[in-house]
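Novice: One structure, as structure tokens, below. Some questions next.
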Amino acid sequence: MPAVKPKTTTKKKAAAKKSSAVVRNKTAKKKATSKKKAPVSNRKTAATKRSALTKKLRDDLKATKDALKYARNAAKEEIKLAKEAAKAEAQVLKDQLNAALKREAALLKLGEQKAKMMLAAGERWERQQVNKIKKMVTKKRRK
């Protein structure tokens, strides 16, 4: 038995040495892997942040496009209403102009009628005066 004991102790020491060497290697590997994991997690975080930012930018772009589309449609509608109002106003002005032209034509016609009547009245008065003068002259000749 005594021979067995020293063998076991040496084996244990050897085993202990191997285990310490293995532990050192594992520790070194753990440090290396932990360093490798950090960039991977950073890349994942960066990718997540990038995708979130991209999504946010896409949503903002879509919202902006929708707002511009709505504004464009509203502007088109406003222009359409303004054109219709302008056409209606132009039609009203045309109607007023036509009415004014008719009134002017009627006034001119009335003025011409009055002028003809005055001319006729003037001619009658003149004839009457001439007739009076003739009567007077004939009466003076008779005397």
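The values are calculated or read from the model by the stated rules, or taken from the named source; none is laboratory data. All of these numbers come straight from a predicted model, not from anything done at the bench. All Cβ positions, glycine included, derive from the backbone under ideal geometry; neighbour counts span all protein chains shown. These accessible areas exclude ligands, DNA and RNA; they are computed on the full protein's heavy atoms, side chains included. Shrake-Rupley method; radii C 1.70, N 1.55, O 1.52, S 1.80 Å.
Novice: Report, in debye and to the nearest 20, how large the dipole of the stretch 62-103 comes out about its Cα centre when Lys and Arg carry +1 and Asp and Glu carry -1 on their Cβ.
Specialist: Magnitude of the dipole: close to 160 debye.
Novice: Can you work out the accessible area per residue across the stretch 42-93, with the rest of the protein chains kept in place, probe 1.4 Å, in square angstrom?
Specialist: Here the per-residue accessible area is 94 Å².
Novice: Subtracting the Cα-Cα distance from 0.36 nm times the residue separation, let me have the gained length for Ala82 to Met117 in nm, one decimal.
Specialist: Separation in residues times 0.36 nm, less the Cα-Cα distance, equals 7.4 nm.
Novice: With a 1.4 Å probe and all protein chains left in place, how much of the accessible area of the stretch 64-131 comes from carbon and sulfur atoms, in whole percent?
Specialist: C and S atoms contribute 62 percent here.
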